[in-house]
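Chemist: To start, I am sharing the structure in question, which I have written as structure tokens.
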Amino acid sequence: MLSSFSFQKWYLILQHKRAEIFIYQWGYFKERHFFEIPSQLTQLLSLKCPDSITILIDQADEILEAGELPKANFFDRKYLIKNYLRSKFSSEKLFGGMYSKRSKETDAYVGIAFQNLNHIKAWIQPLQEKEIRIHLSSFIVEVQRFLQKQLDISEKEKPVIFLMSWDGYLKQILSLNGEIRHLRTIKDPSSMKEYNNEIIAFNSYVKRQENLSIGNLPIIFIKMPGIQNISDMVNKVLEVTDLTTEVITYIRKFRLSRFKMLEISALGGFSSKRLLYKYGAFFFFCVLTLSLILFIKHPQEIKMSEKLIHFESSQELAKKQEALYLGAILYVNDKNWAFWLNEKKITKSQDIQEMGYDIVRVTDHSVILKKINSDKMNIILKPNQTFFVKDEYTKEGNWRTQ
């Protein structure tokens with residue numbers, strides 16, 4: 001019971017072979033533990049038990065997805081990225097994401113899916129049994145932020161590849177405009193020739209994906225104790241004595257990133273008894289206030305969207321309607337939804353009839369349209385798909401302006 005008032009902060013770095021626990025008390029580092037199996041964590045929890053813990057997941061088979069979404073208001077943004085990543089990670093049951101830097105027309109995002117659920121659940125179960133509040137995040141996202149902070153001012157906004165041999169794997173990270181954009185994890189190459197080939201392959205891939213016209217991207221190697229051989233292709237070396245300790249220290253100084261888990265149902269329920277016990281009244285008040293805001297504000301925004309219709313000339317409409325691009329779907333239920341077609345937010349059938357189409361059905365993963373006064377088959381579009389009206393076929397990606 002006394003531990004509840006001891007001002008402890010716990011961090012668990014969950015790797016594929018082991019786990020590390022960092023314990024801070026009254027703002028100072030107190031203990032560090034290395035565990036090979038979950039039962040060792042259970043034993044520690046029998047001696048001391050925090051109210052909450054931050055878990056940073058680090059897996060060799062994590063999948064990173066990055067791109068851009070249509071701009072949305074504050075209330076739509078979370079649902080928009082969650083639904084979009086759910087369509088991208090359709091076979092994954094644990095994923096998270098965040099918005100990165102914003103532009104005038106779109107919102108850039110990053111999503112990461114974690115595949116080894118049984119391993120993660122085995123470590124989380126002892127915490128759930130103790131009713132400990134759990135905050136899940138991505139270790140690699142925090143690592144990229146820490147490494148970005150080590151760069152010179154002239155390097156921070158330039159595209160750069162971080163090369164890191166970590167826990168038996170080679171991680172290649174593209175940092176673009178200070179944000180993580182691509183990640184590739186493979187087993188450590190067995191020879192320097194294989195090492196260089198992997199660097200060249202990743203360099204070519206990210207340049208093609210991001211339309212970068214420069215030569216070879218600068219490569220920064222993260223040198224840790226025990227690493228001797230460094231590729232000649234490396235442009236700069238950053239020496240790190242203890243990566244996990246330095247990342248946790250960075251987090252405590254600058255806080256966690258905006259990365260949030262968006263799908264955690266596969267991990268089972270998270271107990272909130274301690275949370276309700278200490279903050280029950282405040283929590284209930286916040287939920288009630290937020291519900292009222294969503295109930296009142298959202299219908300008003302839908303009505304406002306009716307007045308803010310962007311009128312275009314018939315020639316502009318005809319030119320743009322040669323292809324239909326579905327940017328994203330925001331789906332609450334069959335009566336409350338929105339989707340972005342050709343960069344325009346659609347919230348009801350009338351919004352799209354001026355384009356010559358009727359809405360047949362909207363689900364959380366697709367939109368079905370029918371051309372007005374036409375016997376042609378219905379058009380089925382999923383997020384990030386383009387339908388070519390003249391040739392009547394669908395293609396992945398935004399091809400509307402190409």
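The values are calculated or read from the model by the stated rules, or taken from the named source; none is laboratory data. Only a predicted model underlies this, so the values are computations on that prediction, with no experimental measurement involved. Reconstructed Cβ throughout: ideal geometry from the backbone, glycine too, with neighbour counts over all protein chains shown. For the accessible areas, the whole protein counts, side chains as well, though only heavy atoms, and no ligand, DNA or RNA atoms are used. Shrake-Rupley method; radii C 1.70, N 1.55, O 1.52, S 1.80 Å.
Table: residues versus (1) among the β-branched types (Val, Ile, Thr); (2) surrounded by 13 or more Cβ atoms within 10 Å (Cβ to Cβ); (3) in a loop (DSSP other than H, G, I, E, B).
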| site | (1), (2), (3) |
| --- | --- |
| 215 | no, no, yes |
| 221 | no, yes, no |
| 241 | yes, no, yes |
| 252 | no, yes, no |
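Chemist: Being in a loop (DSSP other than H, G, I, E, B), open to solvent by 40 Å² or more (accessible area, probe 1.4 Å) and not charged (D, E, K, R) is the filter here; which residues of the range 187-203 pass it?
Modeler: 190, 191 - these are the residues of the range 187-203 that are in a loop (DSSP other than H, G, I, E, B), open to solvent by 40 Å² or more (accessible area, probe 1.4 Å) and not charged (D, E, K, R).
Chemist: Looking only at the range 19-35, which residues are open to solvent by 80 Å² or more (accessible area, probe 1.4 Å) and within 21 Å of residue 136 (Cβ to Cβ)?
Modeler: Result: 34, single match.
Chemist: Also, quick follow-up: Which numbered condition trips up residue 107, out of (1) open to solvent by 20 Å² or more (accessible area, probe 1.4 Å); (2) of a type in the set (D, E, K, R); (3) modelled with pLDDT under 90?
Modeler: (1)
Chemist: Here is a further query. Quick one: which of 247, 206 is farther than 26 Å from residue 13 by Cβ and assigned to a helix (DSSP H, G or I)?
Modeler: 206
Chemist: Go through the range 375-397 and give me each residue that's touching a residue at least 24 places away in the same chain (Cβ under 8 Å) and within 14 Å of residue 342 (Cα to Cα).
Modeler: 381, 382, 383, 384, 385, 386, 387, 388, 389
Chemist: Looking at the range 117-129, is at least one residue among the basic types (Lys, Arg), under 21 Å from the mean Cα position of the chain (by Cα) and under 15 Å from residue 217 (Cα atoms)?
Modeler: No, because not a single residue in the range 117-129 is among the basic types (Lys, Arg), under 21 Å from the mean Cα position of the chain (by Cα) and under 15 Å from residue 217 (Cα atoms).
Chemist: Pull out all pairs, ordered by first then second residue, where Cβ-Cβ is under 9 Å, the residues are six or more apart or on different chains, the first lies in the range 190-217 and is closer than 12 Å to residue 174 by Cβ, and the second is of a type in the set (D, E, K, R) and open to solvent by 60 Å² or more (accessible area, probe 1.4 Å).
Modeler: Going by the 9 Å Cβ cut-off, the qualifying pairs are 202/184; 205/184; 206/184; 217/158.
Chemist: How about the range 329-402: which strands (runs of 3 or more DSSP E) wholly inside it have at least 2 residues that are within 24 Å of residue 73 (Cα to Cα) and of a type outside the set (S, T, N, Q)?
Modeler: Result: 336-341, 344-346, 357-362.
Chemist: Exactly one of these conditions fails for residue 72: (1) outside any loop (DSSP other than H, G, I, E, B); (2) farther than 24 Å from residue 120 by Cβ. Give me its number.
Modeler: Every listed condition holds for residue 72 apart from (1).
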